[in-house]
Every structure is written in C-alpha cells, then in structure tokens.
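Asker: Please find one structure pasted underneath; my questions will follow.
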Amino acid sequence: MLLSPLPVRRVLSTALHLACLLPVVAHAGADPATTPRELDTVVVTASGNQQWIKDAPASISVISREDIERQPVHDLATLLSRVPGVTGGLSAVGEQSKIKLRGMPSNYTLVLVDGKRMGSSASTNYRPDLGRQDLNWIAPDQIERIEVVRGPMSSLYGSDAMGGVINIITRRIGDHWAGSATHSYTRPSDDKRGDTQQIGTTFSGPLGERVGLRVGANSLRRESDRSNGGVEGNAYAGEKDRNVDALLKWDVSERQALSFEAGHGVQQAFASPALEAEGEGAWGASELKRSNLALNHDGQWAFGTSRLSAYWTGYRNDIGPNGRSEATDRIIEGSLGTPFTLGVEHQLSVGGQWKRQELTNTDTIGRAPVDYDGNAVNGSTLQVDTWAVFVEDELKLHSTVALTLGARLDHHEQFGSHVSPRAYLVWHPAEQWTLRGGISKGFRAPSLTENSATAATQSGGRGCTSLRPLGYVSGGCYMAGNPDLDPETSTNREIGVSFDNDLFDVGLTWFHTDFRNKIEYEPLGFFNKLWWTRMSNVERARTSGMEGNVNVRFNDQWRWRTSATWMKEAKNLTTGENLIDTPEYSAYSALDWTPGTAFSSTLSAQYTGRQAGVASSFLKAYTLYDLTAAWNVNDVLTLRGGMSNLLDKKLYAEGATDYFVAGRSVFFGVTARF
C-alpha cells in the first residue's frame with residue numbers, strides 16, 4: 001500500500017507545537033550540568049597525540065555516535081554536510097554529492113579509517129569526477145564517531161590533506177560479547193521514487209583472555225526511480241552496497257598489542273528499464289569492489305607510545321569483459337610519541353611513511369596511438385613510490401598556552417621533495433574562553449594519471465573548447481597527463497574564538513587559503529595528426545570565509561544546535577571563475593528534545609544559500625526540514641521513525657537548481673542489542 005503525502009498543515013502544526021513548547025520546558029528542566037558537553041570529547045586527528053577537543057591545534061568537529069543513530073545513514077556525506085566549513089552532500093549523485101572542506105574540491109580531502117588511508121577509486125573511472133566519493137565502505141553500526149579537521153594537514157598527513165581530513169573512528173572490541181543489529185526502511189511519498197532498505201550489524205567480544213574479535217556488516221539497497229517526471233536529471237538511479245569488516249586483536253602483554261584487519265565491499269549502480277527508456281542512466285561504477293588488509297602494532301614504553309601499521313587497499317572497477325581497472329595502495333607507516341620537559345613541557349611526535357601506488361586502467365592509460373611528443377605508447381599500468389618523515393612538538397608555554405610546531409618532508413620519485421610546515425597557538429585566557437590560530441602549508445602531489453603522458457582520455461568536443469583559438473573546429477581531442485608537473489601548494493591562515501560554559505558553546509573561525517600551481521588542462525595544439533590538451537600548473541586560487549557554531553543546553557531535556565558557513569570566496573584567480581559549485585551561505589540547525597531516557601526527538605532545518613557554480617548558476621536558496629524520533633522500548637530494543645524533507649520541497653520542479661534533491665520521505669527503523 002502506498003503512503004500518501006502528509007498534509008502540509010499537519011507538518012507545520014507539529015513544528016509549531018515543538019517551537020511553542022521550547023520556552024516552557026527550557027525554564028522547567030533540571031540542572032544543565034548533567035548534560036554531556038561536546039568540549040569534553042577526546043580527539044586524535046588534529047595532532048600526533050590524543051587531546052581534549054578544546055586544546056586541539058586545528059579547527060575540528062566531531063560527529064558523535066548519537067548523531068549517527070538519529071536516522072538511517074544511507075550516505076555519510078549527509079552527516080558531514082551539517083558540519084561548519086563543509087559543503088556538498090546536497091544530492092545523492094553527481095558532483096554535489098561530494099564533500100568539500102572550506103571550498104576546496106573533493107579530491108583535496110583525505111579520508112581515514114582509524115588513522116589509516118581509505119585509498120581512492122577515482123582513477124578507476126574514465127574520469128575521476130564520474131564516480132562516488134569513497135566514504136561509505138564502513139558499516140554505520142561500526143562507527144563510534146567521525147572527526148573532521150578543516151584546513152591543510154599536510155604537515156602531519158602529507159599529500160591529499162590539502163583541504164582537510166575526515167577520520168572515521170570505529171568502535172572498540174568489548175570486554176564481553178555484545179552487539180547490535182539495525183534495520184531501516186525509507187519510503188518516498190512519490191510512488192515513482194525508489195524505496196531504500198538498509199540492514200547492518202556489529203558484534204564483538206573476547207575469544208580468550210587476551211584475544212578479541214569484532215565483526216561488522218552492512219547491506220543497503222535503494223531501488224531506482226521509475227521516472228524523471230519529464231525533466232532530465234530529475235531522478236536517482238538505484239544503488240546496491242554491501243560490505244563486511246573484521247578486527248582481530250591480541251594483547252601480547254599489558255603494554256603491547258597486535259591487531260589484524262580485513263574488509264571487503266561491493267558498490268553497484270543500476271537504473272530501472274523505465275528510467276533508461278527516458279534517457280537516464282546510473283551514476284557511478286556499475287560494480288566497484290574494495291578490499292583491505294592491515295597489520296598493526298601498538299606499544300606503550302617507558303619513553304612513551306608507538307604505533308606501526310602495514311596495510312594494503314585495492315579497488316577494482318568492472319569496465320567490461322575485455323577491460324581492467326584496478327588501483328592499489330601498499331603502505332607502511334609508524335609513529336612515536338614521547339613527553340619530556342626541556343624548559344617547558346613538550347609532547348613530541350615523530351614518524352614516517354612509505355607508500356607504493358599502482359594503477360591499471362585499460363580505458364584511460366595507453367589508449368592513444370602516440371603521446372603528444374610522438375613517442376609510442378604501450379602498457380596500461382602506472383606506479384609510483386613515495387616516502388615521508390614528520391616531526392611535531394606541542395610546547396606547553398604556560399598552563400593556558402600551547403604552541404604546536406610541525407613539519408613533514410615528502411619525497412616523490414618523479415617531482416622530488418617537498419616540506420610542509422605548520423605553527424598553531426591555542427590560548428585559554430579564562431576557563432570558558434579559547435583563542436586559537438595558526439598558519440600551515442599544504443600540498444597535493446599529482447595523481448598517477450595527471451603525472452603521465454601515456455594517460456589520455458578522449459573528448460568528443462566539450463573538453464576541446466580551449467583549443468579553438470589554435471584552430472580546432474571539430475573531431476575531438478586527447479586530454480593527457482604531464483610528467484613535468486609540480487605539486488599543488490597552499491598557505492592557510494586561520495584565527496578563531498570560542499566560549500563554553502554549562503549553557504552555551506559558541507565558536508567563530510575566520511580562514512583564508514592561497515592556492516598555487518593548480519593543475520588543470522591547458523590547450524597544447526595539433527601534434528602527430530591529433531589535437532591535444534595537457535595537464536599543467538597554470539592556475540592560482542583563493543578561498544576565504546567564516547564558520548561558526550552555537551549550541552545551547554537549556555536543561556537536560558532541551559538542546560539547540562546550530563552551525564553555519566559563510567564562503568566569502570572560492571575563486572580561480574587565473575580564470576576568474578568559481579573554484580567549485582558552492583553556496584555562499586549554508587547552515588544547519590536542530591532542536592533536540594529528550595524528556596527522559598526512553599524517548600528523544602529532533603526537529604532540524606538545513607539551509608543552502610544561492611549558489612554560483614563553475615558551469616552554471618543555482619538561482620534559489622532553499623531550506624529542508626527533517627523530524628526524527630527514537631523510543632528506547634527497553635535495554636534491548638530501540639524504535640526510530642521520522643520524516644525527511646517535511647514540506648516536500650521539490651527543487652527541480654521549480655527550476656531552481658541544476659541538481660535533483662528528493663522530495664518528502666518517511667523512514668522507520670529498529671535496533672536490537674544482544
């Protein structure tokens with residue numbers, strides 16, 4: 001039986017009742033000090049050691065387990081889009097589905113899982129922008145929290161961390177056997193849209209006195225829409241994702257531990273016959289597989305702590321029976337941390353990394369008959385080795401002042417060495433106040449395809465428009481890499497202030513990033529009877545803006561959370577165009593009501609301002625409202641339900657945007673713990 005859309009009057013009535021109740025309950029509640037405070041959170045991504053979030057030498061936000069459990073997590077980008085300084089996650093497909101930090105394109109964000117690189121499947125596609133962002137390879141039930149660091153972190157993590165870092169922290173192995181299983185179902189109000197079902201589980205416990213095991217699995221299937229309503233692009237194709245992960249840990253002694261990790265996942269995209277008949281197709285790989293293995297050692301010593309990891313990550317994209325597309329990373333990395341006193345207290349971290357990347361893609365490497373210099377082209381595999389060392393020291397200059405200094409040397413076998421330094425100061429002038437600021441350098445090494453003349457894709461015309469001043473008329477061209485590229489570099493400056501007490505948590509940060517040697521295609525000309533464009537370091541860019549948050553803890557029942565971003569500028573200074581498709585203003589606000597331990601609900605609004613895009617203009621701002629609720633029936637069972645896009649905002653129907661956002665949908669979920 002199909003669900004009919006709820007009357008708008010009923011939706012608005014519910015929202016208004018919640019709003020009207022706020023002042024009454026806010027004055028009638030218990031002591032707000034009983035509410036957990038976000039600033040009590042320990043983070044591990046902003047520096048070489050763990051620390052309280054208020055002391056972290058970076059702009060960092062944390063998505064908690066509570067946030068993850070509020071509603072079905074079909075895509076982590078939806079959660080990440082609510083963090084200040086983050087844009088994207090606005091659509092299920094296309095470039096607007098991808099997360100960008102502080103106005104930088106998505107490939108400038110490094111994604112980690114427990115501090116280890118997720119790897120990238122981008123180059124297994126015909127073009128890197130044609131595939132999904134690698135965020136959803138971990139079961140949501142298995143995630144403890146997500147740490148988001150905004151701004152360059154190359155001084156600690158090297159290449160790819162030029163825009164920032166997303167670190168997915170998984171749940172620890174329990175002292176006794178326990179676990180959970182979750183099932184959720186999402187049903188759109190429009191019967192031409194596809195339903196979504198998701199099943200996930202995680203469980204862990206001891207296998208012996210010193211050995212423990214954790215296993216997690218997730219399966220998601222979103223049915224393809226059956227019509228685009230007569231508007232091209234006004235539909236989502238289907239998705240089918242499955243993944244399983246396991247962690248085996250052996251406590252060799254009280255101070256030494258070994259762990260082994262293994263995982264495998266499959267992502268598939270498909271379109272219904274009815275949608276294909278309207279000229280719509282699936283977005284992303286028809287079948288993309290990811291596998292990973294890791295061996296870790298954690299040690300506690302008289303001098304401090306150590307961690308050593310060796311891991312392998314492989315992606316395989318199905319490009320047909322006669323093609324092959326695979327990307328692998330082999331990484332060995334380690335770090336040492338030691339506290340000492342020399343004039344002042346120090347927390348020193350040192351470490352290093354060796355990495356080998358290999359890419360095979362018979363669709364994009366070695367396909368041109370010759371390169372632009374006339375050399376014969378053969379083979380479809382590229383490989384590069386890199387190594388790096390880093391040092392970071394946190395100096396406690398005063399009980400209220402900490403200075404973090406760090407630098408990382410990265411060596412690439414093609415372009416040589418590059419140093420990325422960082423200096424960051426955190427000052428607590430009073431217990432409730434924090435001032436922070438710093439300057440850091442970032443860099444991104446050219447990818448394997450960007451750095452090779454044998455990697456060339458064909459364009460039927462749109463990618464060849466820059467050649468027209470040179471005489472190009474028609475016939476297509478080759479778009480090739482360049483072995484003489486330099487790394488892209490950036491300089492980031494930021495300063496922020498925050499205030500926190502038992503009622504309020506308020507913060508505001510200004511940031512400014514200058515970006516040099518941006519890699520883009522430039523027209524090359526007509527060589528060897530072919531038209532060519534080539535990757536070159538031809539452009540400069542700049543991003544700047546402000547990000548802030550306001551959290552109010554009225555009492556133990558009511559809480560108000562708001563984050564906002566002003567993207568003042570995200571501009572390519574060479575061309576004068578916008579660097580990415582991004583709204584100038586965006587905000588997320590949520591009102592949480594928890595009348596007791598058994599029930600909780602959240603009314604939220606996500607505002608996306610008018611957007612100026614690279615190739616088009618998104619003319620209208622819009623706001624989407626969600627309502628969620630959870631009931632803890634007992635210690636074993638939790639029921640969830642809610643509605644997304646309460647007012648059934650249909651952006652494409654209004655001609656407001658160049659991407660499609662789904663209308664109203666209802667979801668139900670159940671979690672069983674055992």
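The values are calculated or read from the model by the stated rules, or taken from the named source; none is laboratory data. What you see is a predicted model; the values in this text were computed from it and never measured. Cβ sites come from the backbone with ideal geometry, for glycine too, and all protein chains shown count toward neighbours. Keep in mind that these areas ignore ligands, DNA and RNA; they rest on the heavy atoms of the full protein, side chains included. Shrake-Rupley method; radii C 1.70, N 1.55, O 1.52, S 1.80 Å.
Asker: Round to the nearest 10 and report in Å² the accessible area of Ile138, as given by a 1.4 Å probe over the protein chains' heavy atoms.
Answerer: The accessible area of Ile138 comes to roughly 20 Å².
Asker: Provide the packing ranking of 220-230, 300-310, 141-151, i.e. peptides ordered by the mean count of other C-beta atoms within 10 Å per residue, highest first.
Answerer: The densest-packed peptide leads the list: 141-151, 220-230, 300-310.
Asker: Can you tell me how much longer the chain between Arg65 and Arg127 gets when fully stretched, taken as 0.36 nm per residue apart minus their C-alpha distance, in nm with one decimal?
Answerer: 18.8 nm
Asker: Moving on. Taking all protein chains in place and a 1.4 Å probe, what share, in percent, of the accessible surface of the chain do carbon and sulfur account for?
Answerer: 56
Asker: Something else now. Quick check: pseudo-label points 7 Å beyond the Cα along Cα→Cβ at Glu358 and Thr574, how many nm apart are they?
Answerer: With each label point 7 Å from Cα toward Cβ, the separation is 3.3 nm.
Asker: Using a probe radius of 1.4 Å on heavy atoms only, what accessible surface per residue do you get for region 229-270? Whole Å² is fine.
Answerer: Value returned for region 229-270: 48 Å² of accessible area per residue.
Asker: Put Leu448, Leu470 in order of accessible area, largest first, 1.4 Å probe: what do you get?
Answerer: I get Leu470, Leu448, largest accessible area first.
Asker: For region 274-288, just list the computed ³J(HN,Hα) in residue order, Karplus coefficients 6.51, -1.76 and 1.60, θ = phi - 60°, integers in Hz, with x standing in for Gly and Pro.
Answerer: Once θ is set to phi - 60°, the couplings for region 274-288 become 5, 6, 5, 5, 8, x, 9, x, 6, 10, x, 5, 5, 7, 10 Hz.
Asker: How much length, in nm to one decimal, is gained on full extension between Ala274 and Leu508, taken as 0.36 nm per residue of separation minus their Cα-Cα distance?
Answerer: 79.4 nm
Asker: Here's another thing I want to ask about it. Any chance you could get the radius of gyration and Dmax over the Cα atoms of region 134-227, in Å?
Answerer: Cα radius of gyration and Dmax of region 134-227 are 18.3, 57 Å respectively.
Asker: Determine the gain in length on full extension of the stretch Phe260-Lys620; use 0.36 nm per residue of separation and subtract their C-alpha separation, reporting nm with one decimal.
Answerer: Separation in residues times 0.36 nm, less the Cα-Cα distance, equals 124.6 nm.
Asker: Hey, got a sec? Which GluC sites (Glu not before Pro) in region 416-522 land in a DSSP loop and have at most 16 other Cβ atoms within 10 Å?
Answerer: Passing both the DSSP loop test and the Cβ count: Glu431.
Asker: In region 132-161, whose amide N lies under 15 Å from the spot 7 Å out along Cα-to-Cβ of His346? List them in ranges.
Answerer: Counting only backbone N, you get no residues.
Asker: Rounded to the nearest 0.05, what FRET efficiency do Arg462 and Arg540 give with R0 = 25 Å and r taken as the Cβ-Cβ distance? Could you check?
Answerer: 0.55
Asker: Rounded to a whole number, what is D in µm²/s for region 304-427 from Stokes-Einstein with the Kirkwood radius over alpha-carbon pairs (20 °C, 1.002 mPa s)?
Answerer: 119
Asker: Compute the accessible area per residue over region 283-402, keeping the other protein chains in place, probe 1.4 Å, unit Å².
Answerer: Roughly 50 Å² per residue, with all protein chains present.
Asker: Label point 7 Å out from Ala178 along Cα-to-Cβ: which residues of region 193-217 have amide N under 16 Å?
Answerer: Zone members listed by number: 202-207, 213-215.
Asker: Within region 332-367, which residues have the backbone N less than 16 Å from the label spot 7 Å out from Gln383 along Cα→beta-carbon, could you tell me?
Answerer: Only 332, 355-361 fall inside the zone, counting backbone N under 16 Å.
Asker: Continuing with this model, one more query. Would you please state the base-10 log of I(q)/I(0) at q = 0.10, 0.16 1/Å for region 77-215, with intensities from the Debye formula using one equal scatterer on every alpha carbon?
Answerer: The Cα Debye sum returns log10 ratios of -0.44, -0.97.
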